[in-house]
Amino acid sequence: ATWDDHDFAKDGADGTTAGKENSRRAFIEHHVNPDAGENGQGIYTHFRRGPVDVFLLDTRWFSGTEKSFADPAKPTLLGAKQWEWLQRELGASKATFKLLVSGMIWNDAVRPKKPDYWGSYPYERAALFHFIAEKAIPGVVLVGGDVHRTRVLVHPPEETGVAYPIRELVTSPLGTNPMKEADVASPSLLFDKAE
């Protein structure tokens, strides 16, 4: 598992949230992840299942806590340590598929004034796509949540610079009602269901 805002703290919470150490401790006590972050920071990890490497990213712990590795004039989402880890581990993966799993969605089809999605940090999303393209990493699939809808989108090569279309699976909600406001149109949208 990875967390989203309500697992971490309050709606839209970022890494400046007081008491986040308590959230991390509770997360570790109640999940069976192979490990959690590095040096007592964050919960990111990865594991292998058959032909799939799953990278569980932490988009809460570090967000807003330092300058971005991708644009020092802006705040970070992943943080420098997690970015170094992701480059190292993703670059070394020999799995057929690499799932990059985040509590927030990767695409820009969000309700008005939503602060917490990858589109709020386009410079870090672009840096990740650039890394995937530069290293010619095959089989990347994005997984996100938080928007209270189930969706499938495709990020075309002209958007990402990657040689193949990257699919995004949005997998929410499990225990919360669907959100009508999140039914936002996108030319990349292949499937949308509110149930």
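Points to keep in mind about this one:
- Peptide ranges 88-101, 66-79 listed from the most packed, as the mean C-beta count within 10 angstrom indicates: 66-79, 88-101
- Listed residue pairs exceeding 24 Å between alpha carbons, taken from K98/K180; K20/K193; K74/K114; K74/K94; K20/K135: K98/K180; K20/K193; K74/K94; K20/K135
- Solvent accessible area, Å² - F131, 1.4 Å probe, full protein context: 20 Å²
- Rolling a 1.4 Å probe over the heavy atoms of the protein chains gives the range 152-195 an accessible area of 65 Å² per residue.
- Per-pair calculated FRET efficiency, R0 = 25 Å: E181 and F47 via Cβ, rounded to 0.05: 0.15
- For the pair the range 1-28 and the range 39-67, the centres of their Cα atoms are 13 angstrom apart.
- Taking V54, V184, V141 as the candidate residues, the one with maximal mean-square fluctuation in a Gaussian network model of the chain, Cα springs under 10 Å, is V184.
- Highest average packing first - 113-126, 150-163, Cβ atoms within 10 Å: 113-126, 150-163
- Portion, in percent, of the accessible area of the chain that falls on carbon or sulfur, probe 1.4 Å: 54 percent
- The range 56-123 shape via C-alpha gyration tensor axes, a/c threshold 1.5: oblate
- Amide hydrogen neighbours beyond the local backbone of K74, cut-off 5 Å, H modeled: S68
- Shape call, the chain: gyration tensor on alpha carbons, a/c limit 1.5: rounded
- Length available on full extension from E134 to H31: 0.36 nm per residue minus the Cα-Cα distance, which gives 33.7 nm.
- Taking θ as phi - 60° and the Karplus parameters 6.51, -1.76 and 1.60, the scalar couplings of the range 123-137 work out to 5, 7, 4, 5, 5, 5, 4, 4, 4, 4, 5, 4, 8, 6, 7 Hz in sequence order, x denoting glycine and proline.
The values are calculated or read from the model by the stated rules, or taken from the named source; none is laboratory data. Only a predicted model underlies this, so the values are computations on that prediction, with no experimental measurement involved. For neighbour counting, all protein chains shown are included, and Cβ atoms are generated from backbone atoms with ideal geometry for every residue, glycine included. Areas reflect the complete protein model, heavy atoms only, side chains present, ligands, DNA and RNA absent. Shrake-Rupley method; radii C 1.70, N 1.55, O 1.52, S 1.80 Å.
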